[in-house]
Amino acid sequence: MREFVPLDAASWPLFEQLFGPGGVQGGCWCAFFRLTGPDFKAAGRDGRKAHVRGEAESGVPLGLLAVVDGEPLGWVAVSPKPDNPRLARSPVAASAEPGNVWAVTCFYVDRRGRRRGLAAELLHAAVEYAAERGADVVEGYAVAAGDRPPADLYHGTLGLFTRADFEVVERRGVARALVRRKIASAG
């Protein structure tokens with residue numbers, strides 16, 4: 001059984017289990033986009049973990065965990081774009097899209113969960129999660145897969161996004177693209 005669980009105080013132990021003691025990607029704890037550059041560096045691994053935990057406990061939307069048969073195997077960071085201050089300064093992510101824009105900034109799938117379609121399911125769940133919370137648009141910052149190691153694909157591949165009905169808004173450099181999916185209004 002697969003379920004997609006928002007990160008909050010109750011699901012924090014699953015997030016901690018998935019990310020392990022090191023916090024994945026050099027102790028990021030998925031705080032990279034949520035903190036400014038100087039704040040991220042100053043916080044260190046423990047401070048980044050504490051920051052994300054504090055946000056989770058306060059109910060701030062952060063993302064979804066993929067739980068398969070009771071085991072956390074995947075993560076997608078999805079939240080309102082303004083909650084991610086680094087995006088405004090990023091040459092890949094900067095955009096002037098009006099409305100309630102949500103950003104998919106990061107995927108992590110444990111090696112035990114890979115090659116099962118989990119990333120695609122996480123992206124689908126992320127779009128639904130954002131839509132349920134009033135998003136007009138969901139953006140991603142896709143990577144052209146090419147000859148890249150898996151660790152470089154944490155933003156999600158271009159194919160992953162386009163198969164989920166995201167449109168390429170603009171290629172940004174050789175390996176990156178701003179992608180966007182508009183949410184159909186209920187009215």
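Could you give log10 I(q)/I(0) at q = 0.20 Å⁻¹ for the range 1-142, computed by the Debye formula over C-alpha point scatterers of equal weight, without solvent?
With one equal scatterer per Cα and no solvent, log10 I(q)/I(0) is -1.29.
Determine the sum of side-chain charges near residue 47: Lys and Arg each +1, Asp and Glu each -1, restricted to other residues whose C-beta is under 11 angstrom from that of residue 47.
Local net charge: +3.
Which one, 157, 36, 105, has the greatest fluctuation when you compute a Gaussian network model over the chain with C-alpha springs under 10 angstrom?
Taking springs between Cα atoms under 10 Å, the residue moving most is 36.
Based on the alpha-carbon gyration tensor of the range 80-187 and its eigenvalue square roots a ≥ b ≥ c, which shape applies: rounded if a/c is under 1.5, prolate if not and a/b is larger than b/c, or oblate?
It is oblate, given that a/c is not under 1.5 and a/b is not larger than b/c.
Taking each pair of different alpha-carbon atoms in the range 136-187 once, compute 1/r for the pair, average those values, and report the inverse of that mean as the Kirkwood hydrodynamic radius in Å to one decimal.
11.4
Just tell me which lysines come within less than 19 Å, Cα to Cα, of residue 182; anything on the same chain fewer than 8 places away is out.
Within reach: 81.
Please work out the C-alpha center-to-center distance from the range 78-125 to the range 147-165 and express it in whole Å.
Between the Cα centres of the range 78-125 and the range 147-165 lies a distance of 11 Å.
Would you kindly derive the ³J(HN,Hα) couplings of the range 24-29 from the backbone phi angles with the Karplus curve 6.51 cos²θ - 1.76 cosθ + 1.60 (θ = phi - 60°), listing them in order in whole Hz, with x for Gly and Pro?
Along the range 24-29, the couplings run 6, 6, x, x, 5, 6 Hz.
Here, each number is a calculation from the coordinates, and none is a lab measurement. From a predicted model like this one, the values you see are computed outputs, not experimental measurements. Using ideal geometry, Cβ is built from the backbone for each residue, glycine included, and neighbour counts are taken over all protein chains shown.
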